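Trainee: Next up is a structure, given as structure tokens.
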Amino acid sequence: MSETARLADQIRRAFDGDAWHGDSVLELLAGVDAKTAAAHPIKNAHSIWDLVLHIAAWDDAVRSRSGGAAVELSDKQNFPLVTDTSEAAWEKTVEYAKHTQAELVKAVAAFPDSRLQEQVPGKVERYHTFFYMFSGIVQHELYHAGQIALLKKAQIR
């Protein structure tokens, strides 16, 4: 198995299951309705919905960067504003996140191992190679998965 195939598998596992650490993002989102997703049970913390949009934004940014684009997210792109909190809008958000993540996994799996030590385009630190970015997006998904788990628990009380 190539290194990029292993990285793509780790990215998929963090989002869509079979993760060593426990529940993936999608496993945590199972049974979450729009009201729960939009709630802010912890003062000054993002909602589950905010975090799902944020994860999707960075999955798309990493996918774009892997294709050579020098992507920098604005504050609005980093945490898009949730304006419609209907059930249909929540379902659309989850589907968007699934699609964006699947496209990222495909892009990483197709990325040549020979380019993993190249620097990512854009305003990034010198050490910010494609390998660093691809392994970092796994960490990003898992970090926010932990936040989602805590936000769900905060609402169960």
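Trainee: Let a ≥ b ≥ c be the square roots of the eigenvalues of the Cα gyration tensor of segment 1-67; is it rounded (a/c under 1.5), or, if not, prolate (a/b larger than b/c) or oblate? Mind showing how you got there, number by number?
Mentor: Values: a/c = 2.99, a/b = 1.66, b/c = 1.80.
Oblate, since a/c reaches 1.5 and b/c is not below a/b.
Trainee: Filter the GluC sites (Glu not before Pro) in segment 55-111 to those in DSSP coil with at most 15 other Cβ atoms within 10 Å of their Cβ, and list the result.
Mentor: E72
Trainee: At a temperature of 25 °C and a viscosity of 0.890 mPa s, determine how fast the chain diffuses translationally according to Stokes-Einstein, using the Kirkwood radius over alpha-carbon pairs as Rh; express D in µm²/s, rounded to the nearest whole number. All intermediate terms of the calculation are to be shown ahead of the outcome.
Mentor: Details: Rh = 16.1 Å.
Approximately 153 µm²/s, per Stokes-Einstein.
Trainee: Could you state the angle between the C-alpha long axis of helix 48-66 and the longest principal axis of the C-alpha atoms of the chain, as a value from 0 to 90 degrees rounded to the nearest 10?
Mentor: The angle comes out at about 10 degrees.
Trainee: Something else: Here is the link list: K123/K152; K43/K76; K92/K152; K76/K98. Which ones come out longer than 29 Å on Cα distance?
Mentor: K123/K152
Trainee: Going by how many other beta carbons lie within 10 Å of each one, how would you line up R65, R126, fewest first?
Mentor: Neighbour counts put them in this order, fewest first: R126, R65.
Trainee: Around E87, under 14 Å between beta carbons, what's the net of Lys plus Arg minus Asp minus Glu among the other residues?
Mentor: On the way: positive: K35, K92; negative: D33, D84, E91, E95.
Neighbour charge sum, excluding E87 itself: -2.
Trainee: Another question, if that's okay. Where is the GNM fluctuation largest for the chain (alpha-carbon springs, 10 angstrom cutoff): A57, A102, A89?
Mentor: Answer for the Gaussian network model of the chain: A89.
Trainee: Further, regarding this structure: Which value, in debye to the nearest 20, gives the size of the charge dipole of the chain about its Cα centre, when Lys and Arg are +1 and Asp and Glu are -1 at the Cβ?
Mentor: Values: 17 positive and 21 negative charges, 63 e Å.
Charge dipole of the chain: 300 debye, to the nearest 20.
Trainee: Quick check: net charge around D23, other residues with Cβ under 14 Å of its Cβ, Lys/Arg +1 and Asp/Glu -1?
Mentor: Overall, the nearby charge balance is -1.
Trainee: Okay, next question. For the chain, what does the helix formula give at 222 nm: sum of -39500 (n - 2.57) over DSSP H segments with n ≥ 4, over the residue count, nearest 500 deg cm²/dmol? Write down the numbers at each step before the final one.
Mentor: On the way: 7 runs with 98 residues, N = 157.
That comes out to -20000 deg cm²/dmol.
Every number here is computed from the coordinates shown, using simple stated rules; none is lab data. Please read these numbers as outputs of a predicted model, since none were measured by experiment. Neighbour counts are summed over all protein chains in view; Cβ atoms, including those assigned to glycine, are modelled from backbone coordinates with ideal geometry.
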